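The values are calculated or read from the model by the stated rules, or taken from the named source; none is laboratory data. The shown structure was predicted, so the numbers you read here are calculated from the model rather than taken from an experiment. Neighbour counts run over all protein chains shown; Cβ positions are idealised from the backbone, glycine included. All accessible areas refer to the heavy atoms of the entire protein, side chains included, with ligands and DNA or RNA removed. Shrake-Rupley method; radii C 1.70, N 1.55, O 1.52, S 1.80 Å.
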Amino acid sequence: MSEQSEAKTSFVYWGVFFIALAVIVLELSITRIFSVVMYYHFAFMAISLALLGIGIGGIWVFIFKDKFTKEKADKQLSLYSILFALAIFIMIFIFIKLKWDLFINLRTFLRVLLANLLVFIPFLFGGLTISIALKHYSDRISKLYFFD
């Protein structure tokens, strides 16, 4: 293995580490935010949305194999990790603007639906990023799992 290839792979290791760390910190933060801003039982929804987003990201990479080729992997890893970060900021910005009340009506239902969609999107991008790395660097899977 060339020195340049090994350096590139070490960037992938650390990228997977930081994306996985950001995903788990985001999940814990959303759990706390849901329990404080919304009702306490919505905290469990954050865990479900995180698992759903990460899972769909992995399924997407599996189903659309021809779109996630080895040649495109580096660009896609960069793109989806940037989209992951942007989606977090957009989610927080919009979530703060939502007004929560104690009345159960159509408006509250739509706000909860929007909040769930906003929370789902960053986890989808995080799942895509990790899945692409696991797919294309599977020859070093033990190290990748360690950093994950």
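The residues packed around PHE95, meaning those with a beta-carbon under 13 Å from its beta-carbon, carry a net charge of +4 if Lys and Arg are +1 and Asp and Glu are -1.
Annotation: Cα Rg of region 1-85 relative to the compact-globule expectation 2.2 N^0.38 Å equals 1.37.
Rg and Dmax of region 30-71, based on Cα coordinates, read 15.3, 46 Å. Solvent-accessible area of ILE94, all protein chains in place: 60 Å² (probe radius 1.4 Å, heavy atoms, ligands and nucleic acids excluded). When the accessible area of the chain is computed with all protein chains present and a 1.4 Å probe, what percentage of it is carbon and sulfur? C and S atoms contribute 74 percent here. Using the Cβ-Cβ distance between LEU114 and ILE59 with R0 set to 22 Å, the FRET efficiency from 1/(1 + (r/R0)^6) comes to roughly 0.40.
Residues of region 43-86 with backbone nitrogen within less than 17 Å of a virtual label 7 Å along the Cα-to-Cβ line of SER138, please, listed as ranges. 57-74, by backbone N distance to the label point. For the chain, the relative contact order is 40 percent, taking Cα pairs closer than 8 Å that sit 6 or more residues apart in sequence and dividing their mean separation by the residue count. In loop segments of region 1-88 as defined by DSSP, the chymotrypsin sites (Phe, Trp or Tyr not before Pro) with at most 15 further C-beta atoms inside 10 Å of their C-beta are TYR39, PHE64.
With the simple model of a label 7 Å out from the Cα in the direction of the Cβ, VAL25 to ASN105 spans 3.9 nm. Within the listed set LYS135, LYS67, LYS97, the residue fluctuating most in the Gaussian network model of the chain (springs between alpha-carbon atoms under 10 angstrom) is LYS97. With a simple spin-label model that places each label point 7 Å from the Cα along the Cα-to-Cβ direction, the separation between ALA43 and PHE93 comes to 2.9 nm.
Here is the tail figure for region 1-147: Cα pairs spaced more than 25 Å apart come to 34 percent of all pairs. Rolling a 1.4 Å probe over the protein heavy atoms gives the chain an accessible area of 63 Å² per residue. Taking LEU79, LEU49, LEU128 in turn, the Gaussian network model of the chain (Cα-Cα springs below 10 Å) assigns the largest fluctuation to LEU79.
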